[in-house]
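The block underneath contains the structure these notes are about, expressed in structure tokens.
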Amino acid sequence: MKEFRYTKSLGTIIGVLTIVGAFGFGILAFIGLGLSKALNSGHNTSSEEATAIILFICLVLIGFISLMVPLRVKRKAGQIFYIGFCFILGIGLVSTFLISFGALGTKTEIFLLCVGVLYLGVGYLAKRKK
């Protein structure tokens, strides 16, 4: 049986989900900022635009790391990095779900919880070398 077979497949799926979530967030954030500027209902949005762009870039970068690192998980350094990366993101997303309970909407919160649990599952699979 191949080593890290489930880790690679689930890591690829979670990477694609993270990238799709990042693009969904980016589109909605930029539409909201554009409408705020067009309707002149917001205050100074220059700092909000920079924050949205930085957050969008970070989410896409995390998605690409999640997509590419499972291919290098057979090496010891890649394995250690990926296990820590998955556990940190999983715990962070699950805690974000718990903190923002009722504030972001049901679909967004369920998405955060599911992606967080999947990251924890990928970290567990990488640790068990499955």
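The values are calculated or read from the model by the stated rules, or taken from the named source; none is laboratory data. Fair warning: this is a prediction, and the values are worked out from it, not measured in the lab. All Cβ positions, glycine included, derive from the backbone under ideal geometry; neighbour counts span all protein chains shown. Areas reflect the complete protein model, heavy atoms only, side chains present, ligands, DNA and RNA absent. Shrake-Rupley method; radii C 1.70, N 1.55, O 1.52, S 1.80 Å.
Can you tell me how many residues within region 88-109 are part of a helix (DSSP H, G or I), open to solvent by 80 Å² or more (accessible area, probe 1.4 Å) and either in contact with a strand residue (DSSP E or B) (Cβ under 6 Å, 6 or more places away or on another chain) or closer than 14 Å to G21 by Cβ (or both)? Reasoning before the result, please.
We begin by selecting, within region 88-109, every residue part of a helix (DSSP H, G or I); these are 88-99, 106-109.
Cutting the leftovers down to open to solvent by 80 Å² or more (accessible area, probe 1.4 Å) gives us 88, 91, 98-99, 106-107.
Remaining after also requiring either in contact with a strand residue (DSSP E or B) (Cβ under 6 Å, 6 or more places away or on another chain) or closer than 14 Å to G21 by Cβ (or both): 107.
Residues in region 88-109 being part of a helix (DSSP H, G or I), open to solvent by 80 Å² or more (accessible area, probe 1.4 Å) and either in contact with a strand residue (DSSP E or B) (Cβ under 6 Å, 6 or more places away or on another chain) or closer than 14 Å to G21 by Cβ (or both): 1 in total.
Any idea which of (1) open to solvent by 50 Å² or more (accessible area, probe 1.4 Å); (2) of a type in the set (G, A, S); (3) closer than 15 Å to T18 by Cα is the one G116 doesn't satisfy?
Only one criterion is unmet by G116, namely (1).
Consider I31 against the criteria (1) surrounded by fewer than 16 Cβ atoms within 10 Å (Cβ to Cβ); (2) hydrophobic (A, V, I, L, M, F, W, C); (3) under 16 Å from K129 (Cβ atoms): it satisfies all of them except one. Which criterion is unmet?
All conditions are met except number (3).
Before we move on, is S66 among the polar types (S, T, N, Q) and loosely packed, with under 13 Cβ neighbours inside 10 Å?
Numbers: among the polar types (S, T, N, Q): yes; loosely packed, with under 13 Cβ neighbours inside 10 Å: no.
For S66, the condition - among the polar types (S, T, N, Q) and loosely packed, with under 13 Cβ neighbours inside 10 Å - is not met.
One line per residue, one yes/no per condition, for (1) on the phi > 0 side of the Ramachandran plot; (2) under 13 Å from the mean Cα position of the chain (by Cα); (3) without any contact (Cβ under 8 Å) to a residue 24 or more places away in the chain:
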residue	(1), (2), (3)
I53	no, no, yes
I62	no, yes, no
Q79	no, no, no
L89	no, yes, no
V94	no, yes, no
F97	no, yes, yes
F101	no, no, yes
T108	no, yes, yes
A126	no, no, no
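Can you work out which of the residues in region 69-87 that are aliphatic (A, V, I, L, M) and open to solvent by less than 100 Å² (accessible area, probe 1.4 Å) is modelled with the highest pLDDT? Even if it seems obvious, please write down each step before you answer.
Here is the first cut: in region 69-87, the ones aliphatic (A, V, I, L, M) are 69, 71, 73, 77, 80, 83.
Going one step further and asking which of them are open to solvent by less than 100 Å² (accessible area, probe 1.4 Å), we end up with 69, 73, 77, 83.
Numbers: V69: 78, V73: 75, A77: 80, I83: 89.
Restricting to residues being aliphatic (A, V, I, L, M) and open to solvent by less than 100 Å² (accessible area, probe 1.4 Å), the top hit is I83.
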